Amino acid sequence: MSSATNKNTSLKFKRVDVSFIYGYVNYNLYKSMEQPKDESNGFDKMWLPTYNLNHTTDGYYVQDLMKDKSIKIIGRSSPNGLNAKLSAHVLRKRYSQISPKDTNGGPGALTIKISIESPSKGTLDSKTVYDIMNLVPKTSTLPQEELSKIEGLEYLDKSEISGRVARYSPAFRLFCNLLFENQKCWNELYFPPHEDCFEQCKSRCERFSSFYDQTSQTDPQIPYIFVEGFMPKEDFHKGFVDKNCDSSMYTKEIGCILERWMKAEHSNELNLDYYSKYGDNDEMIDKEKGVFINRFRDRKVITLFSSVATLLLKSEYDYGVFLSGVEPPLLTTNSLSRYLQFSRAWVHNVLWLNKQLDKLINEIDEQKTIGRMLPSKNKLNALKVMVVKSMTSPIFYMYDSVWGQEIPTKKVSRNVKKLEEDTIKKLNLINELISDKIGVLQLSELHKSLN
């Protein structure tokens, strides 16, 4: 792509990495409802018993599912295609060393990362970022024809579930294929279990409500997007590092990326007054300078947040090595990436639990006898275990000490906490409702027996 100046594309990059972070749950529903002899109930190690990843047989594990796969992105500004590399990894409960697809269940996150490098003497612009981000819709109302496409993954069309998810966006189809092929009995879409799935699960996977509506014609889940842009050294220093730096020329482009606007041309419509009126905790714009506020303490890595996307800006500058030959900006990227993955796993898990309670309340409302209430009571008890085990991941307190107070107080984190609190209130109300309804049914049956 040419590096020629464009009034809508001031940002220039030598490389762009865009990650789509999806959440999911994979509870072992069979173990949650009935506990065979000599077996755990499936929740003993469900959440985060350890801080360290990949060091023990316990806790969470990061597994690569695809590494630097050559693909081509076809988008609005790249009808001939952009050569890219695709990688994917999953953050999940550590699987059995004997059976890689085995897991006790729990929340997880799958990250799809697409990387594009500029030609040797050229640069990429923000249109490239839009072409990659447009692999998923901005909202559930965007027509499929407006989305970008991926070439080079045609072999996935032969997978067991490809036909069932063909109506969704390229990124969501990839998410479903990768997760289905690498998780044992993933039940959020209620696909038939894998051939090696234990027999009991085949008749019990639908004990809980599917998270996704299979009749929907739009993506059931919009991922969180993490954009990492490597700017030419001169541009980065002039705009963000030098003593008299001025990044105001980039403000509108940055705003469009953070808010997931679908076209670079929309940048001229960005209203900076809107961002300048955010509260102190969520302040995004420096009111005097009219530029987005860096949310990290190192000016060598510019960190910018919104509720739907995070943008990291770096340069080609040689920072020198730090730990084990790793440059400091890479440590920043890895820490933030993991933080976002755990955040997505957390919110998806709470949403899943909330949906199960919604279905359960409808079941309870229909029950007319004590005998029919007992299965609902058993299901509620299983959900209680899930709620308690998944509340407040310790990983957030650990990252709090690393990042300071800025990230944990962001609105997105506060909303998750509120959702979690509301879910607990709903669970307690349902628990009281079951007790009250059982009491009423007992009185009714006693009244009938006396007359």
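The values are calculated or read from the model by the stated rules, or taken from the named source; none is laboratory data. Predicted, not measured: the structure shown is a model, and the values here were computed from it. Note that we place each Cβ from the backbone using ideal geometry, even for glycine, and neighbour counts take in every protein chain shown.
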(message) Among the numbered criteria (1) modelled with pLDDT of 85 or more; (2) crowded, with 21+ Cβ neighbours inside 10 Å, which one does Met249 miss?
(response) (2)
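Condition check ((1) surrounded by 19 or more Cβ atoms within 10 Å (Cβ to Cβ); (2) modelled with pLDDT under 90) across all residues:
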| site | (1), (2) |
| --- | --- |
| Ser77 | no, yes |
| Ala84 | yes, no |
| Ser96 | no, yes |
| Asn104 | yes, yes |
| Pro107 | yes, yes |
| Ile114 | yes, no |
(request) Can you run down the residue pairs with Cβ atoms below 7 Å, 6 or more apart or on separate chains, where the first is in the range 437-451 and of a type in the set (D, E, K, R) and the partner is part of a helix (DSSP H, G or I) and modelled with pLDDT of 80 or more? (result) Lys437/Ile364; Lys437/Met373
(request) Answer with yes or no whether Thr218 is modelled with pLDDT of 80 or more and in the same structural domain as Asp17 (by TED's automatic domain parsing). (result) yes
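Kindly indicate whether any position in the range 118-125 is in the same structural domain as Lys67 (by TED's automatic domain parsing), of a type in the set (Ser, Thr, Tyr), more than 23 Å from Tyr24 (Cβ to Cβ) and at pLDDT 90 or above. Give the steps one after another, and end with the answer.
Narrowing the range 118-125 to residues in the same structural domain as Lys67 (by TED's automatic domain parsing): 118-125.
This time we only want the ones that are of a type in the set (Ser, Thr, Tyr), so: 118, 120, 123.
Checking which are more than 23 Å from Tyr24 (Cβ to Cβ) leaves us with 118, 120, 123.
Filter once more, keeping what is at pLDDT 90 or above: 118, 123.
Yes, the range 118-125 has at least one match.
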(message) Please verify whether Ala309 is in contact with an Asp or Glu (Cβ under 8 Å, 6 or more places away or on another chain), closer than 24 Å to Ile21 by Cα, of a type outside the set (Lys, Arg) and at pLDDT 75 or above, treating the condition exactly as stated.
(response) yes
(message) Is it the case, given these coordinates, that Leu331 is modelled with pLDDT of 85 or more, touching a strand residue (DSSP E or B) at 6+ places or on another chain (Cβ under 8 Å) and within 21 Å of Lys14 (Cβ to Cβ)?
(response) no
(request) Please enumerate the residues belonging to the range 232-250 that are touching a helix residue (DSSP H, G or I) at 6+ places or on another chain (Cβ under 8 Å) and either in contact (Cβ under 8 Å) with a residue 60 or more places away in the chain or not in a loop (DSSP other than H, G, I, E, B) (or both). (result) Gly239, Met249, Tyr250
